[in-house]
Amino acid sequence: MFRTLPLALLLALAATPALAHLDPAEHGSFMAGLSHPLLGLDHVLAMVGVGLWGAVLGGRARWALPSCFVASMIGGFGLALMGVALPLVEPMVLGSVLALGLAVGLMVRVPLGIAGVLAGLFGMMHGHAHGGELGSAGALAFGLGFVASTAVLHAVGLFVAWGYSMGMRRHGALVRGMGWATALGGVWIAMGR
């Protein structure tokens, strides 16, 4: 099972849906929010990357990085709803994909405080981007939906890295490879913009 999981994850990430986002009027605000991060490759790669980097750092970072990301994401969402503009939101969202991919690919080890600040900064930008794309969705239901799917994506990264650390001796190469794939995904996204 652990040997086929990365292939399945890679194939799932490579398949980009033809539709942009669910229409809240048709599917409801919660479902629109739940699907929103899953339909953007930049969001999927960054959020899985947070989980992977947390697993690379180990210890409290496994929970602290996703927590910092989600808490700051909620804050960024709130700022967008209040009409507060943040500079460089889209470049920072893309930069988060590259930075997290490189951090995992290079197995970068920094103090937990620095990693938490970076995860929080990236989360704030992702949350602001989500808030800016709210459209006709109800803010609370939409926000709960995208927070839930973000937490699941973080858990995917944690689970993959943990599963390989438990099931295979050479898990480091696989996790590093996933980091490099994330960084390359960020380059691919940047070339398409």
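None of the figures in this text is laboratory data; all of them are computed from the coordinates on show. Being a predicted model, the structure only gives us computed values, none of them experimental. Glycine gets a Cβ as well: all are built from the backbone with ideal geometry, and neighbour counts include every protein chain shown.
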Whole-Hz Karplus ³J(HN,Hα) for the stretch 42-47, in order, using 6.51 cos²θ - 1.76 cosθ + 1.60 and θ = phi - 60°, x for Gly and Pro? 4, 5, 4, 4, 5, 6
Want the number for Ile114 to Trp188: 0.36 nm per residue separation, take away the alpha-carbon distance, what's left? 23.9 nm
Within the stretch 131-155, name every residue whose backbone N is under 18 Å away from a label modeled 7 Å from Cα of Ala85 along the Cβ vector. 131-134
Provide the per-residue ³J(HN,Hα) series for the stretch 182-190, in order, calculated from phi with Karplus coefficients 6.51, -1.76, 1.60 and θ = phi - 60°, each as a whole number of Hz, with x at glycine and proline positions. 5, 4, 5, x, x, 5, 4, 5, 4
